[in-house]
Amino acid sequence: MTSSTAWSSASATCQLEWRASRALSVGLRILGLLAGLSTLASEMPRFAAWSMAVLAMAYGECLARRHRNLPSRRLWWVGGRAPELDGTALQHAKLDWRGPLAFLRWRDAEGHVRRLAWWPDTLPRAARRELRLVAEVAPHTPSTPPMAP
């Protein structure tokens, strides 16, 4: 005799935290370094190449620090309802997947498009499964309104 429980994907709930990815921060630093090295390897005049190389590496470091300093966010999503981020309902929320990366896109109260990305180092497998399940039962809203007849 098996002891299985009745479960429905319509009752799926996901509550998780978004935090800045260390892997992305390291990647931004590496890209800045590579951009600097590529300008030094080019046939630019030496003064311009060194100036641009320093700027590229500094910009990569600036982007990495900016990403690392982003505050943590709390996502709460119940299947069939709009997700909430830090207690605020998200309008036109859409979850996309690119392999193990999850991208959440929505519009804020002013109509601006906002995004969050979960990298594998910030989203464990169990949470990834929960997020996939709850996103499957989310109400699908068209990204563009239907055309008038």
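Scan the strands (runs of 3 or more DSSP E) fully inside the range 29-135 and keep the ones with 1 or more residues being among the β-branched types (Val, Ile, Thr), without any contact (Cβ under 8 Å) to a residue 12 or more places away in the chain and more than 22 Å from Arg19 (Cβ to Cβ).
none
Take the residues in the range 85-103 that are modelled with pLDDT of 90 or more and under 15 Å from Ser72 (Cα atoms); name whichever of them is farthest from the chain's Cα centre (by Cα).
Residue satisfying both the conditions and the ranking: Asp86.
Which numbered condition in (1) surrounded by 13 or more Cβ atoms within 10 Å (Cβ to Cβ); (2) at negative phi; (3) modelled with pLDDT under 95 is the only one that Ser9 fails?
(1)
Let's see how each residue does on (1) farther than 25 Å from Thr122 by Cβ; (2) touching a strand residue (DSSP E or B) at 6+ places or on another chain (Cβ under 8 Å); (3) surrounded by fewer than 14 Cβ atoms within 10 Å (Cβ to Cβ); (4) not assigned by TED's automatic domain parsing to the domain that holds Leu104:
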{"residue": "Gly36", "(1), (2), (3), (4)": "yes, no, no, yes"}
{"residue": "Ala48", "(1), (2), (3), (4)": "yes, no, yes, yes"}
{"residue": "Met57", "(1), (2), (3), (4)": "yes, no, no, yes"}
{"residue": "Ala64", "(1), (2), (3), (4)": "no, no, no, yes"}
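The values are calculated or read from the model by the stated rules, or taken from the named source; none is laboratory data. Source: prediction; values computed, not measured. Note that each Cβ is placed from the backbone with ideal geometry, even for glycine, and that neighbours are counted across all protein chains shown.
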